[in-house]
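None of the figures in this text is laboratory data; all of them are computed from the coordinates on show. These figures come from a predicted structure and were not determined experimentally. Here Cβ is always computed from backbone atoms with ideal geometry, including for glycine, and neighbour counts include all displayed protein chains.
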Amino acid sequence: MEQTRVLRAVAEVAVVVAILVGAGSAQAQVAGTTTLGVTMEEMKAVAVGWSAKKQIIGKPVYNDNNQKIGTVDDLIVTPDQSVSYAIIGVGGFLGVRKHEVAVPMSQLKEDQGKIILRGATKEALKAMPKFEYAQK
């Protein structure tokens, strides 16, 4: 049930992103006008939506043994506009020497308000390839 709620929340974020991206491109097609922000209909979706900043980014990640193994540092929205990966920061102090890895969202679960990555350990995450943002 909790897993369904997390997945639904992620889907809602993807829908809001799709609406905002689509609205921006649709508005750009009209010559001589520039619309900033969202329409009233879009605002309704935003108002009842889910906040990645408040509900997942910066939150601790635990394994199924209730051991803290990292922190959600970022969410990746892929070119098809889906929230596909969480960037989990492991180790370090105040961001120094932190090892960040990409984990598919499908592997994260919510259990009693905690974000769970079953079967993971700090050591296993540190052994994964380090995530690096693409250079633009």
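Partner aspartates and glutamates whose Cα lies under 18 Å from the Cα of Lys59, excluding those fewer than 8 positions away in the same chain, are identified as Glu2, Asp73, Asp74, Glu100, Glu110, Asp111. Spin-label model, Thr121 to Ser51: label points 7 Å out along the Cα-to-beta-carbon direction sit 3.7 nm apart. The radius of gyration of the Cα set in segment 42-136, together with its Dmax, comes out at 14.1, 43 angstrom.
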